[in-house]
Amino acid sequence: MSDTTSASAVTSRALDNPLLQAWQTPFETPPFAAIVPEHFMPAFEQAFFDHSAEISAIVNDPSAPDFANTITALERSGKLLSRVSAVFYDLVSAHSNPALLEIDKEVSLRQARHWNPIMMNAVLFGRIAALHDNRASLGLSSEQLRLLERTYTRFHRAGAGLDEVAKTRMAEINERLAHLGTAFSHHLLGDEQDWFMEIGDGDTDGLPESFVAAARAAAEERGMTGKAIVTTSRSSMEPFLKSSTRRDLREKAYKAFTARGDNGNDNDNNATIVEILQLREESAKLLGFPTFAAYRLEDSMAKTPEAVRGLLERVWKPALARALADRDALQELVTEEGGNFKLSSWDWRYYAEKLRQRRANFDDAAIKPYLALDNMIDAAFDTATRLFGVTFEERKDVPVWHPDVRVWEVKDAQGRHKALFYGDYFARPSKRSGAWMTSLRDQQKLDGDVAPLILNVCNFAKGTDGQPSLLSPDDARTLFHEFGHGLHGMLSDVTYPSLSGTSVFTDFVELPSQLYEHWQEQPQVLRQFARHYETGEPLPDDLLKRFIAARKFNQGFATVEFVSSALIDLEFHTQPASASTDVAAFERKELEKIGMPAEISLRHRPTQFGHIFSGDHYASGYYSYMWSEVMDADAFGAFEEAGNIFDPAVAKRLHDDIYSSGGSVDPETAYIAFRGRAPAPDALLRRRGLLDTPEAA
């Protein structure tokens, strides 16, 4: 059906389609139980039709352009499309099925075909550009001025100023990239769903009871009652590689984990990557940029590929030195135990745990019984209450997309409704890997005070037989990280939807999340919430001290696997696409160039690098986590300097300047308003314990 289909023909479908009806649910939330895959295409058709009509009204408005009839009208357009898209993409990512994945292929193409003529509409861009040219004389508020600037930039960067031939080609590229990004994510999900490794009674040596219980729960989820399996979920794979004494099984699992999307089967992503890179390069050149990275980074805090490379190389040298020293120590441990083999990548985590136990007298298995999921959720909530005054009350009456999903009503310090927070914490075959925050509805005040619906989705191992889910320290940190993103959405206090919550530069969006991680590691928080899941006893002081001492252990490894991935991302998008027609060869060449230790793999090998190939949000932008870490390490220093990790004055600045302002303020301006100065890069190296290496001097 085309976007020109009559309104009556499409509207007639609304009678039995919950996506097209008013939601008679608490807080007007999606009625998930009533929604089936067949509802989506008719709903998208109606949404495309409505949005096209709204855009047409702006384009054909005979009045001279002003902020209200152009920029505000744009902000008000597309409400149904936003609503339907939010529900659809939540399900595709968190609880998919074959029918939804098939629809996703069509929807991704239709989205591109819908948005291309809007973002490249010459008349619409002319109205926006006229306002932008005269912005100083329009008497706009600071938020309105920021919105005008961002709207102009968004249309300009989409190709609205190109000639018609270039626009036509750009539209073709966008459509193809939409298809390829969807294909990449579907391939990755397919490989993740297809692979698991059954572990029998004789395969559990070294594995904690909590892991075996989680492995049984994972098998149960796949209909394999009475069995236990390792999956490619990081929450399954990481603890297995750390604990299993079976080197043969570690090798098998590790090779499967790192080969996702690279198996020469129907889910192989190599050809997809090659075409994505070629099309991105072509689109950048159409817009006048030498490379996709130059295009992508112009609209970021970093501004240039050179600035990104400078930061990554500054961190790479001391991280590599630390990793190489650790590698030698791990090899000595192998030899000491009588191992007649060279340390391999599937051995690193196992022997690193042994070395950590020796040096810091600490291992993850000792603390996991104190990191029950519910307690860590409570810790994240309590931290938010103490910092920002918000409170959380669980609601059982809000519809959800899976029985495991929980919902809390969030209220501000005055007891007023602020948001709903959905937590979907457990791994399952219908969910893509990783952890993320998204929304079903964003905060805005353009048409009344619209409260947001914010989601955190994780892949933690589920407990079995009534046992709680026990988190590793990394899992607990992930929970706080995603909740930091969640707070960015929940605390948003802006007028315009396009500036709401996490609508900020990619290399700023990780600041609220990574900063929030700091509280999870604080003794003050752990003493209160880290309690043994069986006895309720608090985390012993001795174990707490050993945990804190062990935090900087293996940071060379962690930093190397991240920075190498960020450098590969940058090289993919700065070198000519012709240099990466053989993805595996390109990967090998770049890793050899930076001196990557053979015993460490990329955190995300190209064929599974969904951050940069499932869409373009983090393309040339994976460095953002580290760019933000410079800020978050420095930002937490404000609380440390105040002598109180919940200092009210610092917390108020954090709320006002970072968490609530969304994209209404330039990020650099927002950070300086909070901190009083620009961030100090050495705070990152100090946090990771890398300042004491010779190369860091």
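Rule-based calculations on the coordinates, nothing more; no lab input. Nothing here was measured: the structure is a model prediction, and the numbers come from that model. Glycine also receives a Cβ, built like all others from the backbone with ideal geometry; neighbour counts cover every protein chain displayed.
Taking the Cα centre as origin and putting +1 on Lys and Arg beta-carbons and -1 on Asp and Glu beta-carbons, what dipole magnitude results for the chain, to the nearest 20 debye?
On the way: 75 positive and 101 negative charges, 125 e Å.
I would put it at about 600 debye.
Quick one: work out Rg over Rh on the C-alpha atoms of the chain, Rh as Kirkwood radius.
Numbers: Rg = 25.2 Å, Rh = 26.6 Å.
That ratio equals 0.95.
What FRET efficiency comes out for LYS303 versus GLU102 if R0 is 30 angstrom and r is the Cβ-Cβ distance? Round to the nearest 0.05. Write down the numbers at each step before the final one.
On the way: r = 41 Å, r/R0 = 1.36.
Calculated value: 0.15.
Direction-averaged shadow area of the convex hull around the Cα atoms of the stretch 107-205, nm²? Don't skip to the answer; put the middle values down first.
Working: hull surface 45.0 nm².
For the stretch 107-205, averaging the hull's shadow over all directions gives 11.2 nm².
With only alpha-carbon pairs counted, each pair once and no self-pairs, how large is the Kirkwood hydrodynamic radius of the stretch 317-428 in angstroms?
Numbers: mean 1/r = 0.0547 Å⁻¹.
After inverting the mean inverse Cα-Cα distance, the result is 18.3 Å.
Would you mind computing, in nm to one decimal, how far apart the modelled labels at ASP266 and GLU394 are, each placed 7 Å from Cα along Cα→Cβ?
Placing both labels 7 Å beyond Cα along the Cβ direction yields 4.1 nm.
At 7 Å along the Cα-to-beta-carbon direction for both GLU164 and GLN414, put a label point, then send me their distance in nm to one decimal.
In this crude spin-label approximation the distance works out to 5.5 nm.
Just how far, in whole angstrom, is the stretch 119-155 from the stretch 495-567 if you go by their alpha carbon centroids?
39
Distance between the C-alpha centers of the stretch 394-461 and the stretch 194-236? Whole Å please.
If you average the Cα positions of each part, the centres end up 29 Å apart.
Translational D (Stokes-Einstein, µm²/s) of the stretch 195-258 at 4 °C and 1.567 mPa s when Rh comes from the Kirkwood sum over C-alpha pairs? Intermediate results must be reported in sequence, preceding the final value.
Details: Rh = 11.4 Å.
Result for D is 114 µm²/s.
Please express the shape of the stretch 517-595 as an equivalent ellipsoid: the semi-axes are the square roots of 5 times the eigenvalues of the C-alpha gyration tensor, given largest first in whole angstrom.
Numbers: eigenvalues 383, 30, 22 Å².
Semi-axis lengths for the stretch 517-595 are 44, 12, 11 Å.
Lysines near LYS227 by alpha-carbon distance under 26 Å, same-chain residues fewer than 8 away left out - which ones?
Straight-distance partners of LYS227: LYS242, LYS252, LYS255, LYS368, LYS431, LYS462.
How long are the three semi-axes of the equivalent ellipsoid of the stretch 449-604, in whole Å, if each is the root of 5 times an eigenvalue of the C-alpha gyration tensor, listed from largest down?
Details: eigenvalues 232, 139, 44 Å².
Rounded to whole Å, the semi-axes are 34, 26, 15.
List residues of the stretch 430-461, by number, whose backbone nitrogen lies under 12 Å from a label position 7 Å along Cα→C-beta of ARG222.
From the stretch 430-461, the list is 430.
Where Lys and Arg each count +1 and Asp and Glu each count -1, what net charge lies around ALA99 among other residues with Cβ under 13 Å from its Cβ?
Details: positive: LYS105; negative: GLU38, GLU102, ASP104, GLU106.
Value of the local net charge: -3.
With loop defined by DSSP as not H, G, I, E or B, and exposure as at most 15 other Cβ atoms within 10 Å, which is the longest segment of the chain clear of exposed chymotrypsin sites (Phe, Trp or Tyr not before Pro)?
Values: sites that count: TRP23, PHE341.
The reported range is 342-697.
State, to one decimal in nm, how far the label point of TYR89 lies from the label point of ARG358, with both points 7 Å from Cα in the Cβ direction.
4.8
For the stretch 7-161, how big is the tail of P(r) above 29 Å, as a whole percent of Cα pairs?
Numbers: 3536 of 11935 pairs.
Beyond 29 Å sits 30 percent of the P(r) for the stretch 7-161.
Could you give the length gained on full extension between LEU446 and ASN340, defined as 0.36 nm per residue of separation minus the Cα-Cα distance, in nm?
Details: separation 106, 0.36 × 106 = 38.16 nm, distance 6.81 nm.
Stretched fully, the LEU446-ASN340 segment lengthens by 31.4 nm.
Report the FRET efficiency, 1/(1 + (r/R0)^6), for ASP541 and ALA678, where r is their Cβ-Cβ distance and R0 is 35 Å, rounded to 0.05.
0.40
Name the trypsin sites (Lys or Arg not before Pro) in the stretch 599-689 that are in a loop by DSSP and that have at most 16 other C-beta atoms within 10 Å, would you?
On the way: sites: ARG603, LYS652, ARG653, ARG675, ARG677, ARG686, ARG687, ARG688; in loops: ARG603, ARG677, ARG688.
Hits after loop and neighbour filter: ARG677.
Loop by DSSP (not H, G, I, E, B), at most 11 other beta-carbon atoms within 10 Å: where is the longest site-free stretch of the chain for GluC sites (Glu not before Pro)? Intermediate results must be reported in sequence, preceding the final value.
Working: sites that count: GLU337, GLU534.
With GluC sites (Glu not before Pro) excluded where exposed in loops, the chain gives 1-336 as its longest stretch.
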